[in-house]
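> Please read through the structure below; I'll follow up with questions.
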Amino acid sequence: MARDNSVLDDGDSADNALESSDTSGNNELLDRRSYLKLTGAASVIGGGFATGTAAAQDDYEVIEASNEWYTIDDGEVFENKIIDFSNGNWFGLYARESTNWTIRNVGFVGTHRYDRHAIAVADVDGNTSTIENVYMGDGCVRPSSYSSHGQCGIWVAPEHSGHIDIRHCNVQDWPNNGIYASAPGYNGNGGTVHIDRCYAANNYVSSFRLSSDGSKCTDSVAYNDGDGRYNGRCFWGWNPGRMEVTGCDFSSGSYNDAIHLGRNGETTRIRIADTQFDGISQRGDVRLTRGDGLGSNPDLSMPDGVPTSAEEAASGGSSGGQSGSESSTDDSDGSSLANTVVFDGNGTSDTTSYEFVVSEAVEPSTDENATIDAAASVDGTRASGTVADYLDAFRFDGEIERLSVDGDATVRVNGVEIDPADIDDVLDDIIVIDGSDEDVTRYEFTVSGEAERSGYDGASIDDEDAIEDGTVYGVVADWKDAFRYSGEIDQLTVDGPGTVSINGDRVDPADYGSDFPHVLEVEGTGTPVGFEITVDGDIELASDEAPEDEATTISGSTVQSTVTDGSLRFRFSGTLTDVSLINGTPTITVDGDEIDLEEYGDPELLPHAVVFDGTETAEPSTYSFRVDGKVIQAEYRDASVNENDIVEDTTVRGGVGNWLDAYWFDGDIEDFRILGDATVDVQYNAREQ
């Protein structure tokens, strides 16, 4: 293909023109809310800081180009997307007015054909933002009518005042610079850019372009091979400079020299080391420092971690089989955990202590050249340590649920600096309820602060466990439950063979409040009302004196009685599970608060009983009957409740051996059969007897 040098031979597309016109024409901005409506996407975030992870294969969304910009907000992570230009439209990512954003795992598929940039960005609040694992290899065909400042792959706007990391990007065949990042230094707010482990080919004007003091291009490859749409500079360093190029490989092909430095007679400062290239052109006052390792034999193979297709980028893959995050290429221990957290004490005068808890797994790592500190501790999903003028790094899966940092060290998650104050502090104490295969153990405890489930020491995370206003209820058998908490344990009740430890020490639940911490009161309304109330712990009378009503019976977790004018009070452990009533509705309170009877099943107490007694027979008996009302199994007269007995609507079928079966019912028995010698006792209005 002929060299395209008929326009902008020097590539002097004005940065100020870019600033004013890159959103001209159809300049509708699509914000996050609009985008979620457009794509039907939803973000699921846990209770702590939600981090981005590499997506599983094909776990990405496809956005069809719709002639609009998508606006990236402060702190937003835009990831795992394919932007499809095949319908002939354009679509751009716009982050020129935000900070602490991330563009990750994004693939542009199809040829871009408009006078628009694909990505236009800045970090405007002095923080760090990131572009990583992006495929832009299908390029752009310059339209027949175009401005002198469109069609960039990635453009960094003059208002950039923070730092942007651009890594693992594949940028080919763009007509106005592949990565155009000179505006902040030349005529902007001086923000820095680090181009790292990127791959660029056949871009016009330049593939990589920098200018601001402190910007870098490292371990990247750029070349022209004559097979693409354009030719251009591999690297162009503008004034004022103090830039750095290290570990790069550049080949200009038919273009004049791979590296171009300076512009318009102004001073440009740059250091180049460990880089292979085929020539340097200098213009104006260039202060070039040549380091070691320079040569003219570039290796043009793709750096590890760069995606080779839009699908590979969007699914989190790369040419090196890595996730596309900076830390993934520094991973020397072969970790399979997707996310990184780094505690960076470099430049601080005092030590910083830290502690954090994740939802799934965590392990020490050497990301960002960290050393694995023997003093740092990892215990299950919890890690802690101290940094001074060095950094500690960890890999993890899931979310950071808790984080406490005491000191001035910087914290980065997946390369993005975060504020620890945005994440809840770590809960310091741990309680473990260890079950037994002998029987189930029910437990309840109340703390004066907060409580949350934990996977500590291999404990299960059971959604059936309830946490309500500092009170926790649950059940264990041959497993253990664990909870982190703050404050003090005010009450602890355990019913069963399980044991309890707090911060690793075995404790006696009797030392923590009453065995029966709750008060149940049933108050009459002037007419006799029968009731049966069940809890999932134990229940007893609130006083040692027997009630005046001799019909009151208590069997483990169930109490049956009648109340008229006065009230009956009971103490219990666990929670209320069932309430049944007959002939009225008394007032029932738990710990002083009236309950809503509709929350406890059918409150109607069935009045009649039928009992099958096989205790005096030598052989089992079978039976069946049908009523014209309701029927349920019962423990009346200490009868057993056998899961093999069948209750279907108003019909019952069962069998009895040397035990009792009993049922509550209302209405009349319409059909009845028994085979065997068991006795049958039908008692109408049995609860009144």
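> Could you pull out the residue among D285, D257, D249, D227 that is closer than 17 Å to A201 by Cα, at pLDDT below 90 and of a type outside the set (G, A, S)?
Of the residues listed, the single one that is closer than 17 Å to A201 by Cα, at pLDDT below 90 and of a type outside the set (G, A, S) is D227.
> Filtering region 259-274 down to residues that are closer than 16 Å to G185 by Cβ and exposed (fewer than 15 other Cβ atoms within 10 Å of the Cβ), which residue is nearest to the chain's Cα centre (by Cα)?
So the residue we want is T267.
> Of all residues in region 584-620, which are in contact with an Asp or Glu (Cβ under 6 Å, 6 or more places away or on another chain) and farther than 26 Å from I533 by Cβ?
Scanning region 584-620 gives a single hit, T617.
> Something else now. Name the strands (runs of 3 or more DSSP E) wholly inside region 385-435 in which the number of residues that are of a type in the set (G, A, S) and touching a strand residue (DSSP E or B) at 6+ places or on another chain (Cβ under 9 Å) is 3 or more.
Correct list: empty, since no element meets the threshold.
> Looking only at residues that are closer than 17 Å to G458 by Cα and out of contact with any Phe, Trp or Tyr (no Cβ under 8 Å at 6 or more places or on another chain) in region 425-445, which one is modelled with the lowest pLDDT?
D437
> Does R687 satisfy the condition of being touching a strand residue (DSSP E or B) at 6+ places or on another chain (Cβ under 7 Å) and part of a helix (DSSP H, G or I)?
For R687, the condition - touching a strand residue (DSSP E or B) at 6+ places or on another chain (Cβ under 7 Å) and part of a helix (DSSP H, G or I) - is met.
> Then there's this: For residues that are within 25 Å of the chain's Cα centre (by Cα) and of a type in the set (D, E), scanning just region 362-392, find the one that is surrounded by the fewest Cβ atoms within 10 Å (Cβ to Cβ).
Out of the qualifying residues, it is D379.
> Could I ask something else about it? Quick check: anything in region 205-228 among the acidic types (D, E) and under 20 Å from L93 (Cβ atoms)?
The answer is no; no qualifying residue exists.
> Name every residue in region 362-379 that is within 25 Å of I430 (Cα to Cα) and part of a strand (DSSP E or B), in order of residue number.
V362, E363, P364, S377, V378, D379
> Find the residue count for region 225-248, including only residues that are part of a strand (DSSP E or B) and either buried (at least 23 other Cβ atoms within 10 Å of the Cβ) or hydrophobic (A, V, I, L, M, F, W, C) (or both).
9
> Considering only region 354-361, I want to know if a residue exists there that is part of a strand (DSSP E or B) and surrounded by fewer than 21 Cβ atoms within 10 Å (Cβ to Cβ).
There is at least one residue in region 354-361 that is part of a strand (DSSP E or B) and surrounded by fewer than 21 Cβ atoms within 10 Å (Cβ to Cβ).
> Out of the residues in region 518-544 that are in contact with an Asp or Glu (Cβ under 7 Å, 6 or more places away or on another chain) and in a loop (DSSP other than H, G, I, E, B), state the one that is surrounded by the fewest Cβ atoms within 10 Å (Cβ to Cβ).
G526
> Right, something else. Counting only residues that are buried (at least 24 other Cβ atoms within 10 Å of the Cβ) and not in a loop (DSSP other than H, G, I, E, B), how many does region 172-191 have?
So the count comes out to 6.
> Does A375 meet the test of being over 22 Å from S454 (Cα atoms), outside the structural domain of D478 (by TED's automatic domain parsing) and out of contact with any Asp or Glu (no Cβ under 6 Å at 6 or more places or on another chain)?
Here the answer is yes, as A375 does meet what is asked.
> Among the residues of region 203-219, which ones are charged (D, E, K, R) and assigned to a strand (DSSP E or B)?
Once the filter is applied, which keeps residues that are charged (D, E, K, R) and assigned to a strand (DSSP E or B), region 203-219 yields R209, K216.
> Still on this structure, I have one more. Which of the strands (runs of 3 or more DSSP E) contained wholly in region 549-646 include at least 2 residues that are at pLDDT below 90?
553-555, 558-563, 567-572, 576-582, 631-634
> Could you say whether any residue in region 431-438 is more than 18 Å from S501 (Cα to Cα) and touching a Leu at 6+ places or on another chain (Cβ under 6 Å)?
no
> For region 275-289, what are the residues that are more than 17 Å from S211 (Cβ to Cβ), without any contact (Cβ under 8 Å) to a residue 40 or more places away in the chain and either assigned to a strand (DSSP E or B) or under 48 Å from the mean Cα position of the chain (by Cα) (or both)?
Of everything in region 275-289, those that are more than 17 Å from S211 (Cβ to Cβ), without any contact (Cβ under 8 Å) to a residue 40 or more places away in the chain and either assigned to a strand (DSSP E or B) or under 48 Å from the mean Cα position of the chain (by Cα) (or both) turn out to be T275, Q276, D278.
> Residue by residue through region 440-451, note down the ones that are in a strand (DSSP E or B) and touching a residue at least 40 places away in the same chain (Cβ under 8 Å).
T441, R442, Y443, E444, F445, T446, V447
The values are calculated or read from the model by the stated rules, or taken from the named source; none is laboratory data. On a predicted model such as this, the values are computed, not experimentally measured, just so you know. No Cβ is skipped: glycine too gets one built from the backbone with ideal geometry, and neighbour counts run over all protein chains shown.
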